[in-house]
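What follows is calculated from the coordinates using simple rules that are stated; it is not laboratory data. All values reported here derive from a predicted model rather than from experimental measurement. Cβ sites come from the backbone with ideal geometry, for glycine too, and all protein chains shown count toward neighbours.
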Amino acid sequence: MSTDPKAIFNENLIESSVVTLIKKAEGYFVAAINNPPLNLLNPEVFAGLILVKEFATDNPEVKVLVFESAVKNFFMAHIDTSRLQEVPEIPGARNIIKELPLFSHWLTTSPVITIGKIRGRARGVGSELLCAMDMRFASREDSRLCQLEVGFGLLPGGGGIEWLPRHTGRGRALEIILSADDFDAETAELYGWINRAVTDEDLDDFVDELATRIGKFSGAALAAAKALVIKHSGIPTLEELGESFQGFLKLASGPDAVEALKKVRSLGWGTPETEWNLPNY
């Protein structure tokens with residue numbers, strides 16, 4: 001992770017132990033997810049993301065919001081399917097099943113400019129949340145993106161079905177979804193899955209310079225430009241996002257998914273060693 005809170009404004013602006021929100025420069029804020037070893041999207045991480053959303057919504061000074069990982073090798077491995085129903089008694093806690101499509105939709109429709117900075121594996125919902133953001137930049141050497149769900153008897157339920165055809169075209173979207181395989185950053189850039197693959201040593205500076213530049217501009221102008229791009233280019237509706245998530249949940253209780261998850265658990269599901277090359281299992 002590039003962001004050093006001690007070197008900037010010190011405090012975490014939200015009450016979360018696994019998501020840190022700091023102000024980096026005028027108009028520019030960074031949300032870092034720190035849920036080792038895999039950065040799974042679990043109830044605690046989702047609560048932190050909701051707090052980020054609420055802070056950005058309540059504070060007009062937030063013009064640019066960069067999401068990054070503080071966990072080596074993983075941007076976000078996938079969702080924690082074993083805890084989807086949990087709502088812990090912590091600030092920001094929400095029911096993931098009910099609220100995930102709403103959060104994804106907010107990333108796209110908010111007047112805040114949302115940017116994903118990718119290092120490590122971004123699979124499943126990790127890739128899908130990135131797809132909902134306005135821009136995505138990845139380490140050329142250290143990033144892999146994947147929609148792994150079909151390989152486990154599921155379908156992408158966090159926006160991949162809706163977003164990938166828009167970003168990459170129908171044929172490439174089907175290649176990504178149906179192969180359930182890892183794609184490197186250069187291929188993701190070629191396909192339109194991400195904006196750019198940047199050398200790892202240059203990624204932090206590149207994103208900082210872009211976000212700092214955007215953060216200096218008029219918030220009203222940024223929001224108006226984004227809103228018109230959305231209007232004229234089209235985005236997934238909240239109903240479409242909800243339909244895919246319900247499809248994911250329905251398949252999750254089916255025999256194919258149950259058997260696939262049973263098999264991968266026996267091979268080390270949830271350990272960094274297995275998750276590193278999870279599509280191969």
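On full extension, the segment bounded by residue 141 and residue 213 gains 23.4 nm, given 0.36 nm per residue less the C-alpha separation.
Taking every lysine pair in region 1-132 that is 8 or more places apart or spans two chains, those with Cα atoms closer than 22 Å amount to 17. Each peptide in 53-59, 229-235 gets a packing score, the mean of other Cβ atoms within 10 Å over its residues, and the list from highest to lowest is 53-59, 229-235. Protection proxy ranking for 172-185, 32-45, using the average of other Cβ atoms within 10 Å per residue and placing the highest first: 32-45, 172-185. Here 135, 76 are placed in order of increasing Cβ neighbour count within 10 Å, fewest first, which gives 135, 76. Long-range amide H contacts for residue 118: which residues qualify at under 5 Å (H placed 1.01 Å from N, peptide plane, sequence gap of 5 or more or a different chain)? Those lying under 5 Å, H to H, from residue 118 are 137, 138, 139. Neighbour counts of C-beta atoms inside 10 Å place 86, 201 in the sequence 201, 86, starting with the fewest. Neighbour counts of C-beta atoms inside 10 Å place 143, 104, 218 in the sequence 218, 104, 143, starting with the fewest.
Full extension of the chain between residue 26 and residue 263 yields a length gain of 80.4 nm, computed as 0.36 nm times the residue separation minus the alpha carbon distance. Per residue, the average separation of C-alpha pairs within less than 8 Å and at least 6 apart gives the chain a relative contact order of 18 percent.
Each Cα pair under 8 Å and six or more residues apart adds its sequence gap; the mean of these over the residue count of region 91-189 is a relative contact order of 27 percent.
May I ask what percent, to the nearest 5, of DSSP beta bridges between residues of the chain are antiparallel? Here the antiparallel bridges make up roughly 25 percent for the chain.
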